[in-house]
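Student: Questions regarding the structure given below will be posed in turn.
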Amino acid sequence: MIATLATPCGNIYISGRNGSEVERISWIPLEGKDHAGNLDWALEDLHKYFSGKSQVFTGVVDFRENGVVWTNSDNACPPRNRLQQILFLISRIPYGNTVTYGELAYSVGGIHYSRFVGQVCRLNPLPVVIPCHRVVARNSLGGYAYGIKKKICLLEIEGITIKYV
């Protein structure tokens, strides 16, 4: 099931299953059948975020053996590996705040994991909900899989002052 939401940063596409799970969020169109209302809970949450009416998302990020989903249930499995641990830490970065790649790397084993943190951000299947846009470099914004303009837009929505462009 696919849903689309117009945002100040451009259209965002949501892919889900069972009406209660979002498997992928993307700024690039996703293929699939229309959600027919099954993903309204996710669209409502994302709309509230983009309109400045909410700083948190309902449901939980659930770490599964084969990946991660955003679900509107209350049950969630903890991270199972280092990649999921980094995604979990990113999901805990408070609205309106940033952390550096190095700070995240240090919290999972040492500064030598900084590039791995960047790769995890690039592969994040749930951007916005797992807010990898809040991860920045020490002296720059760093990168963003969907382009730096999207990252700047998301940071500005959260009221984060852009120091580097």
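Student: How about the stretch 146-165: which of its residues are surrounded by fewer than 17 Cβ atoms within 10 Å (Cβ to Cβ) and more than 11 Å from PRO8 (Cβ to Cβ)?
Tutor: GLY147, ILE148, LYS149, GLY159, THR161, ILE162, LYS163, TYR164, VAL165
Student: Say we look at the stretch 57-106 and pick out the residues that are of a type in the set (Ser, Thr, Tyr) and over 27 Å from HIS47 (Cβ atoms); which of these is surrounded by the most Cβ atoms within 10 Å (Cβ to Cβ)?
Tutor: TYR101
Student: Something else now. Out of the residues in the stretch 146-165 that are assigned to a helix (DSSP H, G or I) and among the hydrophobic types (A, V, I, L, M, F, W, C), which is nearest to the chain's Cα centre (by Cα)?
Tutor: LEU154
Student: Another question, if that's okay. Mind listing whichever residues of the stretch 1-42 are in a loop (DSSP other than H, G, I, E, B) and of a type in the set (Ser, Thr, Tyr)?
Tutor: THR7, SER20, listed by residue number.
Student: For residues that are surrounded by fewer than 19 Cβ atoms within 10 Å (Cβ to Cβ) and closer than 19 Å to ASN11 by Cβ, scanning just the stretch 124-145, find the one that is farthest from the chain's Cα centre (by Cα).
Tutor: Among them, the one singled out is ALA145.
Student: Next question. Go through the stretch 43-56 and give me each residue that's assigned to a loop (DSSP other than H, G, I, E, B) and touching a residue at least 24 places away in the same chain (Cβ under 8 Å).
Tutor: Scanning the stretch 43-56 gives GLY52, GLN55, VAL56.
Readers should treat all values here as calculations from the given coordinates under stated rules, not as data from a laboratory. These numbers come from a predicted model, not from an experiment. As a convention, Cβ positions derive from the backbone with ideal geometry for all residues, glycine included, and neighbour counts pool all protein chains shown.
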